[in-house]
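Written out below as structure tokens is the structure these notes cover.
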Amino acid sequence: MLDIAIIGAGWSGLYAGRYARKHGLSFTILERRDDLGGVWNFTEDRDVVTTMSTTVSTSSRTMTEASDFPMPEKVGHFFHWSEALEYLNAYADEFSLREHLEFGASVIRTERDDEGWTVSYEQKSADGATVTRRLRAKRLAVCAGVHSRKRLASGPIASFAGELIHSGDIKAVRDLNITAADHVIVYGGGETASDMIDELAKTRARVTWAISGGQHFYRRTAVDERLPAGVFDRHTSALDINITTMHRVLSNIPDRQPGIRVLTNLLCTGSLMGYQGHGVPEWSNDIPTGHAFFNKAGHSVEFVRSGRVEAAGAITETQGNRVTFESGESVEATRIIYCFGYQPSFPFLPEAYRERDPSRLLQLIFDPVDPTLAFFGLARPTWSSLPFMTELQCGYAFKVFAGEIALPETVEERVQQADAYRDMRAKHFPKTRLNTLVDPVQYYESFVELERNPVFTLRRFVRAPWRTIKLATVPISPRLSRCRDDTDLEGIEPMTTPPIGRALRYLECSNALSYVALCVLIIPLCRLLRIDDIADWFGRRKLAKGHIVGYAGPKRSGFASGPRPELEHGRS
């Protein structure tokens, strides 16, 4: 009997395999496709959920790479899906995972008994016949991801007479054969919607970007006035590496980001008044910064500010091809691409397990009733990356599996702990449909507390005071997790190059000390003078007047701050 059976060979499954091997546990990874990589293994087959052919990551290499296996620098700060797949193959080779992989293994059923789990799966035999095989394991790890079942069209758009397309059915926008006669509405505020906007902006069609309930935006890289609207350089320093332990101490990152919120808006929109990272009237809401999901592809908003793409709020009605928005405006459209995402679906689990709410998992990992069942990759960060959250989960869960850490003993205690964490998240994220949404800083800190393995300790400071201080400039990322287990703090020098110095030419810092001094000066001063609140107040006033705020590309002298520009439909 195996120690653990792992279902899925995407990022989560490979991490689970690596940590099982690290702790000396026997395991097998079952993957229904013919190769590893999960959604990052692109295919033209529309029945298989993957990235689009043009997908580039929205989380940086620093936030995504494994703590003990860096991505090659040649990919830049953001990587194409093919580079992610190449990295995952190298990861599997580095940690000898291929000998544990079973490809073409479609799990059809799992059964629980007193000794463990029986996993039944179908696989092609050498002669091409489909055979059913079984394996036995003490524990079951589900790493099938969140892209299991599409959220289908519902509400007003369901009656749209034009072409209604789920974004997951699009492998490349060019395949839609869009012309200047089309009016395409992209409905949704997530990063997939941004990918659609990026590609549609290159066509001659009229494009509207509709978002229900507003959206907060972040940018891959800082606004660069040398680049056209909607363009970023993936070799330019990433913004998501600017959240460090020092920022956590100086500012309450999960709650409104006091002292740095105004700087975030400046970096993302080019304006101190770029409210919620977008500066678009139709998309503003009353959710405080840090209490909602961030779309990290904020460069796409520049297509709105430049006039290439129209902005709209929720769709309230469709009659034939006529679409009405919450503002009362009605337009004729030929297509709606709805980006409603996916729901986790695990039909192979016993019915009693399928009925349980994923948001009530212990630490968003363990089934609280039966902790021999664990899920990896369900925690959705507001920013940062899914692989980072998954590695945090694996680092903790496999210490539990190996007997190094104990879970609460009784079902009642585990359920109570899981529910308390769910209630805390529900209070922090009051208006989200993502019931497994987490703040990555809080999530990281919860594992530090559970594992009792902090980065900053008195013993470490006594042994290496300067290096310990420099750790304050390491991004809250897999790199910082690595430092928790690196007692000698070897190899941290490349991690402590001041990130803001690389992102902003006019805040260039020559070393970690000057970077720390700059942040210690600026953040408390902004908090004391309430610069964030003042900038937000002015930003909301501008949006209330219908003004768009922020960088709009060099064609419009760089910035938009006033009445919205005339639309430029059909720009090639």
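The values are calculated or read from the model by the stated rules, or taken from the named source; none is laboratory data. Because the structure is predicted, anything quoted here is derived from the model rather than measured. No Cβ is skipped: glycine too gets one built from the backbone with ideal geometry, and neighbour counts run over all protein chains shown. Note: areas computed on protein heavy atoms with side chains; ligands, DNA, RNA excluded. Shrake-Rupley method; radii C 1.70, N 1.55, O 1.52, S 1.80 Å.
Scanning region 1-44 for residues that are of a type in the set (Ser, Thr, Tyr) and either outside any helix (DSSP H, G or I) or in contact with an Asp or Glu (Cβ under 7 Å, 6 or more places away or on another chain) (or both) returns TYR15, SER26, THR28, THR43. Residues that are out of contact with any Leu (no Cβ under 9 Å at 6 or more places or on another chain) and either within 22 Å of LEU437 (Cα to Cα) or surrounded by fewer than 21 Cβ atoms within 10 Å (Cβ to Cβ) (or both) within region 259-275 comprise just one, ARG261. Restricted to region 298-348, and to residues there that are hydroxyl-bearing (Ser, Thr, Tyr) and within 28 Å of LEU437 (Cβ to Cβ), the residue that is least open to solvent (accessible area, probe 1.4 Å) is SER300. Select from region 78-131 the residues that are assigned to a helix (DSSP H, G or I), open to solvent by 20 Å² or more (accessible area, probe 1.4 Å) and among the small types (Gly, Ala, Ser) and list them in ascending order. Across region 78-131, the qualifying residues are SER82, ALA90. Of the residues making up region 146-165, just one is open to solvent by less than 20 Å² (accessible area, probe 1.4 Å) and more than 29 Å from GLN319 (Cβ to Cβ), namely VAL146. Of the listed requirements (1) in a helix (DSSP H, G or I); (2) within 27 Å of LEU480 (Cα to Cα), GLU282 misses just one: (2). Residues that are polar (S, T, N, Q) and part of a loop (DSSP other than H, G, I, E, B) were ranked within region 140-167; the one that is farthest from GLY37 (Cα to Cα) is SER154. Residue pairs whose Cβ atoms lie under 7 Å apart, sitting 6 or more positions apart in sequence or on different chains, and linking a residue in region 302-317 that is within 17 Å of VAL223 (Cβ to Cβ) and assigned to a loop (DSSP other than H, G, I, E, B) to a partner that is at pLDDT 95 or above and among the small types (Gly, Ala, Ser), are ARG308/ALA201.
If you scan region 444-458, which residues turn out to be out of contact with any Phe, Trp or Tyr (no Cβ under 9 Å at 6 or more places or on another chain) and either under 10 Å from LEU392 (Cβ atoms) or modelled with pLDDT of 80 or more (or both)? Before the answer, list the steps.
If we filter region 444-458 for residues that are out of contact with any Phe, Trp or Tyr (no Cβ under 9 Å at 6 or more places or on another chain), which is where we start, we get 445, 448-449, 452, 454-458.
Answer for region 444-458, where residues must be out of contact with any Phe, Trp or Tyr (no Cβ under 9 Å at 6 or more places or on another chain) and either under 10 Å from LEU392 (Cβ atoms) or modelled with pLDDT of 80 or more (or both): GLU445, VAL448, GLU449, ARG452, PRO454, LEU458.
Residue-wise test of (1) open to solvent by less than 40 Å² (accessible area, probe 1.4 Å); (2) more than 23 Å from ASP240 (Cβ to Cβ); (3) of a type in the set (Gly, Ala, Ser).
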| site | (1), (2), (3) |
| --- | --- |
| ILE365 | yes, yes, no |
| ALA379 | yes, no, yes |
| TRP383 | yes, no, no |
| VAL411 | no, yes, no |
| ASP419 | yes, yes, no |
| ARG422 | no, yes, no |
| ASP439 | yes, no, no |
| GLU445 | no, no, no |
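The residue that is nearest to GLN257 (Cα to Cα), counting only those in region 194-217 that are part of a loop (DSSP other than H, G, I, E, B) and open to solvent by less than 30 Å² (accessible area, probe 1.4 Å), is GLN215.
LEU407 meets all of the listed conditions (1) hydrophobic (A, V, I, L, M, F, W, C); (2) more than 20 Å from LYS138 (Cα to Cα); (3) assigned to a loop (DSSP other than H, G, I, E, B) but one, namely (2).
Please verify whether LEU239 is more than 19 Å from the chain's Cα centre (by Cα) and either without any contact (Cβ under 8 Å) to a residue 12 or more places away in the chain or closer than 27 Å to HIS547 by Cα (or both), treating the condition exactly as stated. Lay out the reasoning, then the answer.
Numbers: more than 19 Å from the chain's Cα centre (by Cα): no; either without any contact (Cβ under 8 Å) to a residue 12 or more places away in the chain or closer than 27 Å to HIS547 by Cα (or both): yes.
The answer is no for LEU239.
The condition (being surrounded by fewer than 20 Cβ atoms within 10 Å (Cβ to Cβ) and touching a Phe, Trp or Tyr at 6+ places or on another chain (Cβ under 7 Å)) is satisfied by just one residue among LEU434, LEU373: LEU434.
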